[in-house]
């Protein structure tokens, strides 16, 4: 997804998450072709055409992205590729990179993000309990900023923890197995 603008990446990730994940990996060409077909653009210039289409803000484009997501999922199933495997492979590649480079930067960033989340959360709780009158004076724009920062840190802390402690793929498989066992006589 390197040629897409940040806004286009965010829209694709939100509306078509499987395509968003695939664009950065080995199935990027397939995902790009499905996107280009859904939006009726040339596959050679798909990134700029898709970015331009998203920038228009046309609701039809979002509908086409959603349709492309469904088409891509069907295509993956036809090829025998599991959607969960796309996210797992992406995570495995990141872990393999870290092992091969022996770079401590991701670990330091993860601790900073998790620590930042914990510090900000604790500070908010302390402020709300200890200085309730001052907290009530914060304008709505301030709460919007505080909420954005807190939400960002919570999401990034979740991602950092998932990177080091695993993902939800195992949990999904466990739930499926438990459901299968529950149906047995």
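Every number here is computed from the coordinates shown, using simple stated rules; none is lab data. Fair warning: this is a prediction, and the values are worked out from it, not measured in the lab. Here the Cβ positions follow ideal geometry from the backbone for every residue, glycine too, while neighbour counts run over all protein chains shown.
Worth a mention:
- Backbone N within region 97-125 under 12 Å of label point (7 Å from residue 146 Cα along the Cβ vector): 121-125
- Taking each residue as 0.36 nm, the span from residue 78 to residue 134 lengthens on full extension beyond its C-alpha to C-alpha distance by 14.3 nm.
- Three-way shape call for region 6-84 based on the alpha-carbon gyration tensor, with the a/c threshold at 1.5: prolate
- Most to least packed among 156-162, 125-131, 45-51, 34-40 [average Cβ atoms within 10 Å]: 34-40, 45-51, 156-162, 125-131
- Residue 119/residue 55 FRET efficiency (R0 35 Å; Cβ-Cβ; nearest 0.05): 0.40
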